[in-house]
1. Determine which member of the set 377, 413 is within 17 Å of the chain's Cα centre (by Cα), surrounded by fewer than 24 Cβ atoms within 10 Å (Cβ to Cβ) and over 28 Å from residue 44 (Cβ atoms).
2. Aliphatic (A, V, I, L, M), crowded, with 16+ Cβ neighbours inside 10 Å, assigned to a loop (DSSP other than H, G, I, E, B) and touching a helix residue (DSSP H, G or I) at 6+ places or on another chain (Cβ under 8 Å): is that true of residue 231 in this structure?
3. Scan segment 169-183 and give yes if some residue there is within 23 Å of residue 478 (Cβ to Cβ) and in contact with a strand residue (DSSP E or B) (Cβ under 7 Å, 6 or more places away or on another chain), otherwise no.
4. Give me the residue from segment 259-277 that is free of Cβ contacts under 8 Å to residues at least 60 places away in the same chain and not in a helix (DSSP H, G or I) and, out of that set, surrounded by the most Cβ atoms within 10 Å (Cβ to Cβ).
5. I'd like to verify a number: residues in segment 430-445 that are farther than 18 Å from residue 11 by Cβ and buried (at least 18 other Cβ atoms within 10 Å of the Cβ), how many?
6. State whether the residues of segment 214-233 include one that is polar (S, T, N, Q) and touching a Ser or Thr at 6+ places or on another chain (Cβ under 8 Å).
7. When you go through 41, 68, 63 one by one, which is the residue that is in a loop (DSSP other than H, G, I, E, B), crowded, with 24+ Cβ neighbours inside 10 Å and under 19 Å from the mean Cα position of the chain (by Cα)?
Amino acid sequence: MNENVEQWRLRKPAVTSPDGVVAAQHWQAARAGAAMLAEGGNAVDAAVACAMALNVVEPWMCGLGGSGFMVVWLAEAQEARVLNFQGTLAGAIDTADYPLDPAEPDSLMGYPGVKDQANVRGYGAITVPGAVAGLSAALTEHGRLSWAEVLAPTIALAERGLAVDWHTTLQIALSTALLRRDPTAGAHYLPDGVPLQPETHRPLPALTETLKTLAAEGPESFYRGALAEKIAADLQAGGSRISFEDLGSYEVERHAPLSGNHRGAAIHTAGETSGGQRLLDMLAHAEAHFDPGAEVGPDTWIAYARALDEAFATHKRKVGLAAEGGCTSHMSAVDRDGNMVALTYTLLNRFGSGVMLPQTGILMNNSVSYFDPRPGNPVSMAGGKRINSSNMCPTIATRDGQALFAVGASGANHIVPCTSQITALLLDYGMSLEEAFHTPRIDASARGSVRADPAMGEAALAALADVFELEVAQLLVFPKLYSCPSGVLRDPADGTCWGAADISAPSAGAAAAAPWSLATKAAEETDVRA
């Protein structure tokens, strides 16, 4: 064994059910979604319930203060649809608030540094969040259950509080410097100046009240009601230019998917402003230049690496730059009727801007950093402008009018390589979902090198090293060098549904349709109070 490789291997069996499955980066959120299937809901109800639950169980990745994309496959209509709920800049955004400063590091997207990193952290980094609008629109247009029904598991989780385990403590510790900048976030996540400790619960009074208000008054209250007034007041008190009017004017974009084909399957992804075009370009290049054999081998990884490098090179020529890091959450859902959802949304960085709004307990995004602080570029700042470049690429594959699988991932620049490889493995080799999720992957993005998991074997590593500058890096809990995928698959022949999540993410998992119950354990009865 390579002395630089840790001596462990992990497996997570796929979850299966005839009544539908939800897969996500946190198993409790997956259970919240799967409960909707047991209550007569469909895949959209399940995905929205899962996404809302992540506010409580994985708040550093996504939540009410975030934005993203949802791809929906409607089985009866045999049609894919996209909801784009990416964030928008304040109408009064002013580039004078973001002067360039060569002493500051480049932003997440590779743009020149800004004084005090005002576009990355704090109130100036926040865009109008689209998550509540996007999730509620999907539910209204394509779901079966009410908004209040879908929110019920999330409220139960919030009333119990944030369950703190070692992984939660790690996430907080990684963002200690950011969280200390904000009085509310610092007091909540760093009591006594140190990260919350494992085997405790952290009460969430403000967020719980916000969720109850949303359930009682509806999602409109987030943008136009008393809740919106609280959000706008907190934002402006902190120095954000987002106004009550900016919240009220937010709209979800609905459009047809960006679609292509691979090995006889139709591939539907989120749209031109997502990572979807790179995914389709990778698959097209691989199909044109690679004839897969019976088994995955060194030639597979060389072909996939070349395809990814070409896709990212094309993207960089078009946009100029691409994100290098970031934190996001993906979930996939399928129901017994064959409806599917692939949903990715994000705060962007871990804990977003580091801002927790005092009156509502909402963690806010830092998506202003998506925009170039310099004028004259396609991604330059402008009042009301929507985020128009992202790595997120929630994807659904179909054949002969039936959905085959839904997959996506978190991990910024790692998202497209991960999602496209899982898609390719499923279609090139006819793998099961469990096999695809346990197959080692590469990471390539036209950066001058290719990263490979040593679990793929010495022959594959040697072949890659002959063609590329090779980095050998094991799949670990942290850092997530190969992204964090979640996916579902349905067998059109007998309707059996499968779900799988990232094997090295401690909390990731899938859940079969089952009635909701609040999972507890003795150690979680301890509260951590301010």
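1. Only one candidate passes the filter, namely 413.
2. no
3. no
4. Result: 260.
5. 4
6. Yes; the residues of segment 214-233 include at least one that is polar (S, T, N, Q) and touching a Ser or Thr at 6+ places or on another chain (Cβ under 8 Å).
7. Only one candidate passes the filter, namely 63.
To keep it simple, each residue is scored yes or no on (1) in a strand (DSSP E or B); (2) of a type in the set (A, V, I, L, M, F, W, C); (3) at pLDDT 95 or above; (4) within 21 Å of the chain's Cα centre (by Cα).
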site: 246; (1), (2), (3), (4): no, no, yes, no
site: 279; (1), (2), (3), (4): no, yes, yes, yes
site: 286; (1), (2), (3), (4): no, yes, yes, no
site: 294; (1), (2), (3), (4): no, yes, no, no
site: 301; (1), (2), (3), (4): no, yes, yes, no
site: 304; (1), (2), (3), (4): no, no, yes, no
site: 307; (1), (2), (3), (4): no, yes, yes, no
site: 314; (1), (2), (3), (4): no, no, no, no
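The values are calculated or read from the model by the stated rules, or taken from the named source; none is laboratory data. Predicted model, so just to flag it, every value in this text is computed and none were measured. We place every Cβ from the backbone using ideal geometry, glycine too, and count neighbours over all the protein chains shown.
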